[in-house]
1. Could you list, in sequence order, the residues of the stretch 137-151 that are in a helix (DSSP H, G or I) and surrounded by 21 or more Cβ atoms within 10 Å (Cβ to Cβ)?
2. Mind checking which pairs have a first residue in the stretch 285-314 that is within 22 Å of PHE355 (Cβ to Cβ) and a second that is acidic (Asp, Glu), Cβ under 6 Å, 6 or more apart or different chains?
3. Tell me the residue from LEU134, LEU126, LEU114, LEU85 that is within 16 Å of the ligand (Cβ to nearest atom), out of contact with any Lys or Arg (no Cβ under 8 Å at 6 or more places or on another chain) and not in a strand (DSSP E or B), please.
4. Taking the residues in the stretch 17-50 that are among the small types (Gly, Ala, Ser) and assigned to a loop (DSSP other than H, G, I, E, B) as candidates, determine which candidate is surrounded by the most Cβ atoms within 10 Å (Cβ to Cβ).
5. Looking at the stretch 26-52, which of the residues that are in contact (Cβ under 8 Å) with a residue 60 or more places away in the chain and of a type in the set (Ser, Thr, Tyr) is nearest to the ligand (Cβ to nearest atom)?
6. For the stretch 166-193, which positions are in contact with a Cys (Cβ under 7 Å, 6 or more places away or on another chain) and either buried (at least 20 other Cβ atoms within 10 Å of the Cβ) or in a helix (DSSP H, G or I) (or both)?
7. Could you pull out the residue among ARG228, ARG186, ARG138 that is assigned by TED's automatic domain parsing to the domain that holds ILE66, of a type in the set (D, E, K, R) and touching a strand residue (DSSP E or B) at 6+ places or on another chain (Cβ under 9 Å)?
8. Looking at this structure, is PRO106 within 16 Å of the ligand (Cβ to nearest atom), part of a loop (DSSP other than H, G, I, E, B) and either closer than 21 Å to GLY261 by Cβ or not polar (S, T, N, Q) (or both)?
Amino acid sequence: MESLSSTLVSENIGLYLHVPFCKRRCTYCDFVSFTDFSQVKEYFEALWKEIELWSMFLPRIRVETIYVGGGSPSDVPFELLEKTLERIRDMFLIADDFEFTIEVNPNCEFVERLRFLDVNRVSIGLQAADDEVLKCVRRRHSVGDFFRTFETAKNFAKVNVDFIVGLPNESDRTIENDVHVVETLRPDHVSIYLLETHESEFETAISEVVENRYERFVEAVKEMGYDRYEISNFALNNSFCRHNLKYWRNQDYIGLGVAAGGHLGRIRYVNSPRLGEYISKLKEDDFVFDYFSRNDDLQELKETIFMGLRLSEGVNIEKLREIWWMFDPYELFHDLLGEFLEIEDGFLKLTERGFDLSARVLADVIDRVSLMAVGR
Ligand code: SF4
């Protein structure tokens with residue numbers, strides 16, 4: 001741990017805070033979140049302790065982005081979030097132009113109060129503009145709630161809207177509604193995720209229908225002028241998510257809270273997903289890593305390529321050669337270049353077709369990088 005500050009790539013970092021509580025579980029959820037709120041206060045006290053520990057190990061860093069995700073940050077007492085931001089301000093230097101994003105479920109009253117926290121980016125989880133779908137997956141809001149929340153948030157913040165394609169009870173009509181929402185509200189940023197199911201033949205057939213819907217939604221959003229700057233993320237007027245760009249560019253960030261992960265130079269860590277363990281270890285002034293490792297060159301190369309190719313800007317080949325000096329994309333990907341991959345101004349990137357088939361292309365790319373290391 002002593003060597004952490006020397007391993008940083010830069011002194012400008014992102015902070016992710018995980019709020020692992022939801023009043024009710026959605027049927028499709030695989031995030032770490034708990035419906036028992038009896039330990040919420042203790043959890044936040046542990047989180048404040050973790051903030052303090054990191055500030056002691058990394059005293060000179062400057063926080064450029066803060067991202068509060070969950071779980072449902074909008075389900076916990078507002079005062080706890082307020083105090084958390086105070087702690088961050090006390091412990092770290094904050095950049096003047098910092099980006100502060102918080103994820104919310106549609107909830108007007110909560111969002112109205114966010115302006116007092118200096119939040120400047122609100123990410124609203126609509127998921128589907130279809131009340132039947134929302135009810136079926138046990139979301140706790142209606143499409144009407146979303147519209148009211150959006151109107152409140154846009155008064156003081158950039159707004160992202162999250163959609164998921166492939167939820168139960170979805171129909172073509174759902175996607176038409178989703179497209180209509182983006183067309184009429186024109187949020188600064190849109191995220192469109194695909195819920196994947198490949199369990200059986202029946203589900204595979206369904207998944208083709210779902211994939212077609214996904215493609216239609218993506219095409220419609222692009223036609224509205226959105227820049228697909230990442231596989232699942234779309235921005236108007238360069239309103240990119242600066243925090244998430246740190247992940248994709250493999251830059252430095254600290255993850256705080258249960259199950260949160262961080263990346264500092266070559267170090268990767270993930271905190272324990274167990275609430276009790278997280279709280280009790282931090283009471284003893286100790287970190288609570290479930291995984292902590294220093295990437296070797298190959299692992300760092302694979303992660304940098306895998307994350308970087310998710311971006312339309314691609315990944316800087318010089319940066320890859322700093323990790324692995326013999327890296328030669330022309331040789332390694334000779335039969336993928338043109339159709340699925342391209343090299344432009346020193347950047348390796350996916351073509352439009354590569355973007356559409358990204359899961360398969362990325363898997364192939366990473367396999368080849370692994371084999372390259374074996375054959376060296
Ligand atoms: S709101 Fe999000 S984190 Fe909470 S149960 Fe639903 S999907 Fe999971």
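The values are calculated or read from the model by the stated rules, or taken from the named source; none is laboratory data. Please read all numbers here as calculations on a predicted model, not as lab measurements. Virtual Cβ from ideal backbone geometry, glycine too; neighbours counted across all protein chains shown.
1. PHE146, THR149
2. ARG310/GLU230; LEU311/GLU230
3. Testing whether each residue is within 16 Å of the ligand (Cβ to nearest atom), out of contact with any Lys or Arg (no Cβ under 8 Å at 6 or more places or on another chain) and not in a strand (DSSP E or B) leaves just LEU134.
4. SER33
5. Ranking the candidates gives TYR28 first.
6. Once the filter is applied, which keeps residues that are in contact with a Cys (Cβ under 7 Å, 6 or more places away or on another chain) and either buried (at least 20 other Cβ atoms within 10 Å of the Cβ) or in a helix (DSSP H, G or I) (or both), the stretch 166-193 yields only HIS189.
7. ARG228
8. Against the criterion (within 16 Å of the ligand (Cβ to nearest atom), part of a loop (DSSP other than H, G, I, E, B) and either closer than 21 Å to GLY261 by Cβ or not polar (S, T, N, Q) (or both)), PRO106 qualifies.
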